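The structure under discussion appears below in the form of structure tokens.
The values are calculated or read from the model by the stated rules, or taken from the named source; none is laboratory data. Bear in mind the structure is a predicted one, so any value in this text is a computation, not a measurement. Because the Cβ atoms are built from the backbone with ideal geometry, glycine has one as well, and the counts that use them run over all protein chains shown. Ligands, DNA and RNA are stripped out before the accessible areas are found, and what is left, the full protein with its side chains, is counted by its heavy atoms. Shrake-Rupley method; radii C 1.70, N 1.55, O 1.52, S 1.80 Å.
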Amino acid sequence: MAQAAIELIGINKSFGAVRANRDINLEIARGTIHGIVGENGAGKSTLMSILYGFYQADSGEIRVGGNPASIKTPNDAIALGIGMVHQHFMLVDNFSVLENIILGAESDALLKRSIAKARSELERLEREYGLDVDPDAIIEELPVGLQQRVEILKALYRGAEILILDEPTGVLTPAEADHLFRILKQLKDQGKTVVLITHKLREIMAITDTVSVMRQGTMVATRETRKTTVEELAELMVGRRVLLRVEKGEAEAGAVKLAVKNLTVKDSRGVTMVDDISFDVRGGEIVGIAGVAGNGQSELLEAISGIRRAVSGSVMLDGKPIDLTGAADPGELRDRGLAHVPEDRHHVGLVLAFEENENSILGYHDDPRYLRGPFLNVDAIMADARDKIEKYDIRPGNPRLKTANFSGGNQQKIVLAREIEQDPGVLIVGQPTRGVDVGAIEFIHKRLIAMRDQGKAVLVVSVELDEIRSLSDRILVMFAGRIVGERGPEATEGELGLLMAGVERQEAAA
Amino acid sequence: MDFVNAIVQVLDSTIRLSVPLLLACLAGLFSERSGIFDIGLEGKMLVGAFAGAAAASVFHSAFIGLGMAILISVAFAMVHGFASITHRGNQIVSGVAINFIAAGSTIILGQAWFQQGGRTPALQPGERFESITAYVISNFLSTYSFSTASFADFLASIRGLILYLPALLIDALARIPGFGPIFAELVLGHSILVYFAFAMVPFTWWVLFRTRFGLRLRAVGENPAAVDTAGISVAWLRYRALICTGILTGVAGAYLSMVQNGGFVKDMTAGKGYIALAALIFAKWKPVNAMFACLLFGFLDAASIRLQGSPLPIVGKVSAQFMQALPYVLTVVLLAGFIGKAIPPRAGGVPYVKER
């Protein structure tokens, strides 16, 4: 049978008091795609960083191709044919593709010769694996999908036989992710071994041969992918049964709470991103906006929440207009009952250097509940934070912890708790579960549906089609700045996918 | 003719005044391109100036002085590296500390060793870098002869033979009527350190953009994690960048005390390290731009000296203080308004910590 490419035996690793990996045993067969799933903080990335020499295990043994290996630096890993594509790309943004590929693997002290050699080698790799990238393009001008391709080429250029990908689809559009999977299958056909770290179970089912599940630093199971199910994996990951599709009753749509009319928005370069859009959101319903990232959804959200200037059109909140000149006071909108969970929680939703309790009132900090005269009422704020921590199961449950030290899923819960607990009439949510674990997704979806059942209007924008279909009472599909279709929740993935790709619109135009 | 003369003289002193700025600016370029902010250029120049002049006057050799200037300046750069690379300290604090230590220690040591109020003894001929003038060249040409009398003579003769053709060419250029005197004034008549400084501009460019070391150095200033995962030591790379910085600030210091001045005077850098930093930003961290930026600042300095006390058209006589302040005022105006968006190396100022 297939020989093991990598064996990990009894790996332990602690960071201070946190045991990130305990007694991990793992065997990865050569020429397969092996998935590793687990919630955020389960220790997947730590394990792979040990394999790549970025960290040293406290104890345990690594064998590569059957031979005991000592991997102390990434250089050792590279020499053993291990390549890694990190979650956050390790690229120099203002360098060209070629410069990034040769960095650290230059064949010569002078760049000219190194680059010339790399260029012909790159052409060979591109032909062999169908990885087209312009070698002279500057990284920051490339879409993320192509940047990732550069990372893969970087590893292959260094002669990687074993390729580790850490959450590779987190930043990709569905089409880009599909393309990535085709590339990975091709690598496998060429005899390479691929290790895929992810928390998206759909990807595991779609592409891997075997899958290992990690939970709280331990390896809880390894399965053959075709002999397992999404439900089983989810249960193994979370340690309890998980509802992948939240149950919900019929929507009882009430009065129009949010009315968008003929809204047009341009981005900073002057390109029209939202093109004459009109729709309503009623109380007691969830309206989902589906679409491939970059089709104007972000600009739409920003315009409605008063952050971005609109060129023309109007947005009515409970029958009264919202200031669309870009000078809207977010505090005033909050007072009027509009809550906004931004897409980019790191830059817009949270101050990562603040403590959890400070972030849990951010934007509402001048509410009399949190004040004592002109000063912050620390006791009230802490009590409020503890309350939210309990209600939203935010972990670790320490309101004094710096927000940056929470996992992505828990950060998202902090933002959601803050906005939902203000009891707004209208809730706008961008990418509610981006980078969030399966267990937390279930929780967040339940919360949003509870909001709806209380008669609130909820507008959800997501690039995850599953999420849109599971949550929405009505689905609007955006393509190139326009709403190209409205469907009910029963719409199939294929139908929505075609709309998202703009197929119907092109046919109509032809 | 008087006017042309005045212009040539201002341009000539522009070159002389630009040199320490240019060397310090290129020094800062190496450091900042590697992601280490270096506000301690000033201090490193100062210790270089002191060490150079002190060693030159003790050992009676300009080259020993230069070597000592470089050595001490590199040592201070390593202190900055130890604090900010190895111990991930704040780079601004470390740089400021170096400036303070430099300002204090040069005066104390100068007084303790030479008892001249913090000065070093006035440098004698042979202890300073002499100017290479048209006279020196024609003298060399007329007295050159090949000798094998002793081994030392033989070596000197070989060296002379290599220099003979360029000297002949320069001599011929200097003799062209009209052009010759201007050429002699502007290009000739400088010490070897001036030519070194200007030669460093294309050299720095070549190192940064044409060599493996340069590629890695620029990469570590933009995204050290990319360098680390590529299997290259971030710390060692940054230390090497700081060695380059130390060498160049050492030469800059030596130029101040051994060329521009005949010895060390306390606080003789007088803010040049900071002006060099301003020039670096103005130049958007590019070597050729850095040269023009330093020439501009040098020109402002030269013009202000030249115009002191002489009446200007329209505005009349301007006070000396205003003229002295002019370069600094223009620095602020230029930096605030004219350079557009200067994007610094992205990892600048941030100690590299492996993320968890």
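List of remarks:
- Answer residue from the range A:166-176, given it is open to solvent by less than 30 Å² (accessible area, probe 1.4 Å) and under 10 Å from the mean Cα position of the chain (by Cα) and is modelled with the lowest pLDDT among those: A:Leu172
- Among (1) open to solvent by less than 10 Å² (accessible area, probe 1.4 Å); (2) closer than 21 Å to A:Asp387 by Cα; (3) in contact with a strand residue (DSSP E or B) (Cβ under 8 Å, 6 or more places away or on another chain) - the single one A:Val429 does not satisfy: (2)
- Residue match in the range A:148-165 (condition: under 28 Å from A:Glu467 (Cα atoms), open to solvent by less than 40 Å² (accessible area, probe 1.4 Å), modelled with pLDDT under 90 and not charged (D, E, K, R)): no
- All positions within the range A:74-90 that are facing chain B (nearest Cβ under 10 Å) and more than 27 Å from the chain's Cα centre (by Cα): A:Asn75, A:Asp76, A:Ala77, A:Ile78, A:Ala79
- Members of the range A:1-40 that are closer than 23 Å to B:Ala225 by Cβ, part of a strand (DSSP E or B) and within 14 Å of chain B (Cβ to nearest Cβ): A:Lys13, A:Ser14, A:Phe15, A:Val18, A:Ala20, A:Asn21
- Considering the range B:163-254, the qualifying helices (runs of 4 or more DSSP H), each wholly inside and each with 3 or more residues that are within 14 Å of another protein chain (Cβ to nearest Cβ), run over B:192-210, B:212-222, B:224-229.
- Contact map, the range A:344-370: residues that are on the phi > 0 side of the Ramachandran plot paired with residues that are open to solvent by less than 50 Å² (accessible area, probe 1.4 Å) and not small (Gly, Ala, Ser), Cβ distance under 8 Å, separation 6+ or inter-chain. Pairs shown: A:Gly363/A:Arg418.
- Selection over the range A:130-146 of residues that are surrounded by fewer than 19 Cβ atoms within 10 Å (Cβ to Cβ), in a helix (DSSP H, G or I) and either touching a residue at least 60 places away in the same chain (Cβ under 8 Å) or within 14 Å of chain B (Cβ to nearest Cβ) (or both) gives a count of 1.
- Within the range A:91-116, being facing chain B (nearest Cβ under 7 Å), part of a helix (DSSP H, G or I) and touching a Ser or Thr at 6+ places or on another chain (Cβ under 8 Å) holds for A:Leu111, A:Ser114.
- Checklist (1) in contact (Cβ under 8 Å) with a residue 24 or more places away in the chain; (2) of a type outside the set (Gly, Ala, Ser); (3) not in a helix (DSSP H, G or I) applied to A:Lys388, failing item: (3)
- Pick from the range A:15-38, criterion surrounded by fewer than 22 Cβ atoms within 10 Å (Cβ to Cβ) and touching an Asp or Glu at 6+ places or on another chain (Cβ under 6 Å), ranking: nearest to A:Thr169 (Cα to Cα): A:Thr32
- Residue that is farthest from the other protein chains (Cβ to nearest Cβ), among those in the range B:332-356 that are at pLDDT below 75 and under 24 Å from B:Val93 (Cβ atoms): B:Leu335
- When we screen A:Ala457, A:Ala440, A:Ala491, A:Ala450 for residues that are without any contact (Cβ under 8 Å) to a residue 12 or more places away in the chain and open to solvent by less than 50 Å² (accessible area, probe 1.4 Å), the only hit is A:Ala450.
- Long-range neighbours under 9 Å by Cβ, at least six apart or interchain, first residue within 19 Å of B:Trp206 (Cβ to Cβ) within the range A:89-116, second among the aromatic types (Phe, Trp, Tyr): A:Ile102/A:Tyr157; A:Leu103/A:Phe95; A:Ala109/B:Phe213; A:Leu111/B:Phe209
- Against the list (1) closer than 19 Å to B:Val201 by Cβ; (2) of a type in the set (Ser, Thr, Tyr); (3) modelled with pLDDT under 90, the condition B:Ser304 fails is (1).
- In the range A:41-60, residue modelled with the lowest pLDDT [restricted to those that are surrounded by fewer than 18 Cβ atoms within 10 Å (Cβ to Cβ) and in a loop (DSSP other than H, G, I, E, B)]: A:Gln56
- Identity of the residue in the range B:255-274, outside any helix (DSSP H, G or I) and among the charged types (D, E, K, R), that ends up farthest from the other protein chains (Cβ to nearest Cβ): B:Lys266
- Hits in the range A:214-227 (condition: open to solvent by less than 60 Å² (accessible area, probe 1.4 Å) and farther than 21 Å from A:Ala177 by Cβ): A:Met214, A:Gly217, A:Thr218, A:Met219, A:Val220, A:Ala221
- Considered as a group, the residues in the range A:228-244 that are touching a residue at least 12 places away in the same chain (Cβ under 8 Å) and in contact with an Asp or Glu (Cβ under 8 Å, 6 or more places away or on another chain) include one that is surrounded by the most Cβ atoms within 10 Å (Cβ to Cβ), and that residue is A:Met237.
- Test: residue in the range B:155-162 that is under 25 Å from B:Leu17 (Cβ atoms) and at pLDDT below 85: no
- Here B:Glu130 meets each of (1) under 24 Å from the mean Cα position of the chain (by Cα); (2) under 24 Å from B:Leu46 (Cβ atoms); (3) crowded, with 16+ Cβ neighbours inside 10 Å with one exception, condition (3).
- Strands (runs of 3 or more DSSP E) (entirely within the range A:255-348) containing at least 1 residues that are crowded, with 21+ Cβ neighbours inside 10 Å, among the basic types (Lys, Arg) and more than 22 Å from the chain's Cα centre (by Cα): A:256-266
- Each residue in the range A:61-90 was checked for being assigned to a helix (DSSP H, G or I), open to solvent by 40 Å² or more (accessible area, probe 1.4 Å) and within 16 Å of A:Ile6 (Cβ to Cβ), and 2 pass.
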